[in-house]
Amino acid sequence: MPGAAPHVEPHAHADANTLLIDQPVRSGQSVVFERGDITILGSVASGAEVMAGGSVHVYGTLRGRAIAGLAGNANARIFCSKLQAELLSIDGVYQTADDMPARILGKPVQAWLENDQMKISVLE
């Protein structure tokens, strides 16, 4: 299908609740795993997206879009080693890069929902 984002297939390992991607996610690629968490051992490029039914873990720089809590999981979280994201979303609540405080950019962070509002804190 022309114009469709390619899905990441090689080097992906899934068990019942977790998808492990042991390579970077490149611009234009889309990783979708509705059954649970996604862990990426690498960076997520600008223009790439990662969507999980559970939490998203990025052991690298998150420059693209991370969407956690598909299908109503408000307890999902997003973790990354270095935040430069275009968009973070948990259970439909989102923040764009323009809404993120400068003090957290470039830092290791976690994002979660509290009273239907996204909270982002630096991991120390």
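The values are calculated or read from the model by the stated rules, or taken from the named source; none is laboratory data. Here the structure is a predicted model, which is why all the values come from computation and not from measurement. Reconstructed Cβ throughout: ideal geometry from the backbone, glycine too, with neighbour counts over all protein chains shown.
Output the strands (runs of 3 or more DSSP E) that fall wholly within the range 2-67 and possess 1 or more residues being at pLDDT 95 or above and closer than 17 Å to Cys80 by Cβ, or say none.
18-21, 30-33, 37-40, 49-52, 56-62
If a residue must be under 22 Å from Pro24 (Cα atoms), within 12 Å of the chain's Cα centre (by Cα) and either of a type in the set (Phe, Trp, Tyr) or not in a strand (DSSP E or B) (or both), how many such residues does the range 77-109 contain?
Result for the range 77-109: 5.
Does Phe79 satisfy the criteria of being farther than 20 Å from Ile120 by Cα, surrounded by 15 or more Cβ atoms within 10 Å (Cβ to Cβ) and at pLDDT 95 or above?
Spelling it out, it is not the case that Phe79 is farther than 20 Å from Ile120 by Cα, surrounded by 15 or more Cβ atoms within 10 Å (Cβ to Cβ) and at pLDDT 95 or above.
Is one or more of the residues making up the range 83-92 exposed (fewer than 15 other Cβ atoms within 10 Å of the Cβ), out of contact with any Phe, Trp or Tyr (no Cβ under 8 Å at 6 or more places or on another chain) and either at pLDDT 95 or above or not basic (Lys, Arg) (or both)?
Yes: one or more hits.
Within the range 30-76, how many residues are surrounded by 21 or more Cβ atoms within 10 Å (Cβ to Cβ) and among the hydroxyl-bearing types (Ser, Thr, Tyr)?
Total satisfying the criteria: 2.
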